[in-house]
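What follows is one structure encoded as structure tokens, with my remarks underneath.
The values are calculated or read from the model by the stated rules, or taken from the named source; none is laboratory data. Since the model is a prediction, treat every value here as computed from it, not as a measurement. Here the Cβ is made from the backbone with ideal geometry for all residues, glycine too, and neighbour counts use every protein chain on show. For the accessible areas, the whole protein counts, side chains as well, though only heavy atoms, and no ligand, DNA or RNA atoms are used. Shrake-Rupley method; radii C 1.70, N 1.55, O 1.52, S 1.80 Å.
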Amino acid sequence: MDVLSKSVGTVFPATQTTITAIAGDGIGPEVMRAVQRILAAAGAMITWEEAEAGAEVFRRGIASGVPQDTLDSIARTGLVLKGPLETPVGFGGKSANVTLRKFFELYANIRPVRELPGITTPFSGRGIDLVIVRENVEDLYTGIEHMQTAGAAQCLKLITEPGSERIIRLAFALTQAEARSRLVCATKANIMKMTEGMMKRVFERVSPEYASVTPTHMIIDNCAHQLVIAPEQFDVIVATNMNGDIISDLAAGLVGGLGVAQSANIGDSAAMFEAVHGSAPQIAGKDLANPTALLLSTVMMLRHIRDFTAAEKVEQALLVTLEEGRNLTGDVAPKGTGVGTTAFTEQVIANLGRVSRYPSRQYQPLQMPVWPDVVWHRPTLHETVGLDVFVETDAAPEALAASLQAVIGGSAFTLKMIENRGAQVWPARTGKPFLVDLFRCRFMLSAPTGNADAEIAQLIGRISAGHHWMHLEKLQRFDGVDGYTLAQGEN
Ligand code: NAD
């Protein structure tokens, strides 16, 4: 037998914790029931407040997919265990998952990725044991999108300094709480110097405060490469929303896939724990679903409420079950030996109190960064130095430049350059960029002015007469530092 017979301690916090349970759609109710049975058998002192969200709620015409009663329950308990929610196609509104993350400002998505016993992958034996901390509410996922012309779409990548600071501080705190020592900040700061660069700059500013952690910056594409080449080198990785989304699914694939991937969404006033997988409608109601991912998410929840004893007891029972390979669900069992959700659940319950050869980490309570400590950088000198005007036209760059110069004569601005899809096309540079009907025209103030807004209004009045513009970006300078980037080819 591959399992030690040492038993786990049974000292639980004396207080009962109330958790909002959202069973969700598809296999959600089955895996939720399995987890609730295991927790009850483990003696965890939890009271469930059952709440609903997802497909049925959308069908009742609630566009957010989350009824007020559920929001009230979460506001009361501050803790949610959630099954998968179907994102409706063809009816309903926004994703109910995103609604919950946004409403409760669950800004940190935490995705542990650890090799599991009995789950064989091409990476088995490498000792993969890492955590990805993904910023969860900013970046391209703010969902601010606009069609600029009929054929040109734009999505706003919004990254803030406080948003970056709290996720980075949380990543450092988590590294310490889990007795880890290395934190990689993975960004695309080499290309997106303002947005991704914000994350890198904040990381470099705060890292000296965490002496026990070795900080490293890595370009995100190299990070993806390294995750496949040598995943065992990583301890904790922090990344912006979309990069973190992609690398966390990649990393989950290294240790057995989404079916066993757990996650936590944490904010200052609430925390929500959920499996990464979806509602698996094909197998719903058939007693086939594997509750492992939701159970591992529940273990994270128990640690979050500081019930380290129950967390370890449940985690170890699951690890023993996987290690012994008896009564596993069909998705992970050796061919022909798979059992149902219920039989697997009973096997985990039977193993409560046993300890596997995969020790649990020595977790400490996670110290959440305190919001007032988060710095918002306020410049002393804030100047407007120009304006980017996005213009829709099929005209050639030379003709566009001539027509703009004809209308701005005598204004406070000069036309500095015109670009198309990021590359300067006027004054012409070497090469022949493919042109679309969306041009960015950069106007600079010829001299400092006390009322840049009035000058801008006048400029736009002149341009509007003969050009179709769709959006404006002020060119600003903060304490003498340009708050905008140059186009490719612009000097
Ligand atoms: P899915 O994760 O539901 O299914 C992908 C595959 O994995 C399927 O073959 C499924 O049978 C299998 N699978 C998933 N979980 C399993 C489990 N616990 N045990 C055994 N097998 C499992 O992904 P999908 O099909 O792309 O999405 C289905 C629905 O779920 C969609 O409506 C989607 O929007 C939603 N979804 C919700 C969440 C969430 O609530 N966090 C996440 C992803 C997808």
_Amide N proximity, region 287-316 versus Tyr363 label position 7 Å along Cα-to-Cβ, cut-off under 14 Å_ = 294-316
*Find how much the distance from Met147 to Glu232 grows on full extension, using 0.36 nm per residue of separation minus their present alpha carbon separation; answer in nm with one decimal.*
26.3 nm
_I'd like the distance separating the alpha-carbon centroids of region 217-276 and region 391-428, in whole Å._
44 Å
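What do you reckon, how do Tyr210, Tyr141 stack up by accessible area (1.4 Å probe), largest on top? Intermediate values should be presented prior to the final figure.
Details: Tyr210 30, Tyr141 80 Å².
In descending accessible area the options line up as Tyr141, Tyr210.
Tell me the carbon and sulfur percent of the accessible area for region 17-350, rounded to whole percent, probe radius 1.4 Å.
C and S fraction of accessible area: 56 percent.
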*Distance in nm between label sites at Ile460 and Leu435, each 7 Å beyond Cα in the beta-carbon direction?*
2.6 nm
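So if we plug the beta-carbon distance of Ala40 and Leu250 into 1/(1 + (r/R0)^6) with R0 = 45 Å, what FRET efficiency do we get, rounded to 0.05? Show your work: numbers first, answer last.
Working: r = 35 Å, r/R0 = 0.79.
That pair, Ala40 with Leu250, gives E of 0.80.
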_Strictly over 28 Å apart at the Cα level, which of Lys94/Lys157; Lys102/Lys193; Lys94/Lys313; Lys94/Lys200 would you flag in this model?_
Lys94/Lys313; Lys94/Lys200
*asked:* Classify region 246-330 from the C-alpha gyration tensor, please: rounded if a/c falls under 1.5, else prolate or oblate depending on whether a/b exceeds b/c.
replied: oblate
*asked:* Counting heavy atoms of the protein chains only and a 1.4 Å probe, report the per residue accessible area for region 84-172 as a whole number of Å².
replied: 39 Å²
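What's the ranking of 148-161, 104-117 by average number of surrounding C-beta atoms within 10 Å, highest first?
104-117, 148-161
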*Counting Lys and Arg as +1 and Asp and Glu as -1, each charge on the Cβ, what is the dipole of region 382-482 about the Cα centre in debye, to the nearest 20?*
240 debye
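Given axes a ≥ b ≥ c from the Cα gyration tensor, I'd like to know whether the chain is rounded (a/c under 1.5), prolate (a/b larger than b/c) or oblate.
Cα axes put the chain in the prolate bin.
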*asked:* Tell me the mean residue ellipticity at 222 nm calculated for the chain from its helices only (DSSP H runs of n ≥ 4, each -39500 (n - 2.57), averaged over every residue, nearest 500).
replied: -10000 deg cm²/dmol
*Report the FRET efficiency, 1/(1 + (r/R0)^6), for Met194 and Met444, where r is their Cβ-Cβ distance and R0 is 25 Å, rounded to 0.05.*
0.85
*Percent of beta bridges antiparallel (DSSP, the chain, rounded to nearest 5)*: 65 percent
*Ranked packing of 480-489, 22-31, 409-418, most packed first, by mean Cβ within 10 Å*: 22-31, 409-418, 480-489
*Cβ under 11 Å from Ser279's Cβ, Ser279 left aside: what net charge do those residues give with Lys, Arg +1 and Asp, Glu -1?*
-3
*Largest first, what is the accessible-area ranking of Ser403, Ser212 with a 1.4 Å probe?*
Ser212, Ser403
*Compare the peptides 348-357, 243-252 by average per-residue count of other Cβ atoms within 10 angstrom and give them in order, highest first.*
243-252, 348-357
*Pulled fully out, how much extra length does the chain show between Arg378 and Ala179, if you take 0.36 nm times their separation in residues and subtract their Cα-Cα distance?*
68.1 nm
*asked:* Using the crude model of +1 on Lys and Arg Cβ and -1 on Asp and Glu Cβ, and no other charge, please compute the dipole size for the chain relative to its Cα centre, in debye to 20.
replied: 600 debye
*Tell me, in nm to one decimal, what length is gained between Lys474 and Ala63 on full extension, where the rule is 0.36 nm per residue of separation less the Cα-Cα distance?*
144.4 nm
*Go through Pro215, Ala289, Gly244 and say which Cα lies farthest out towards the positive end of the charge dipole of region 180-323; charges sit on Cβ, +1 for Lys and Arg, -1 for Asp and Glu.*
Pro215
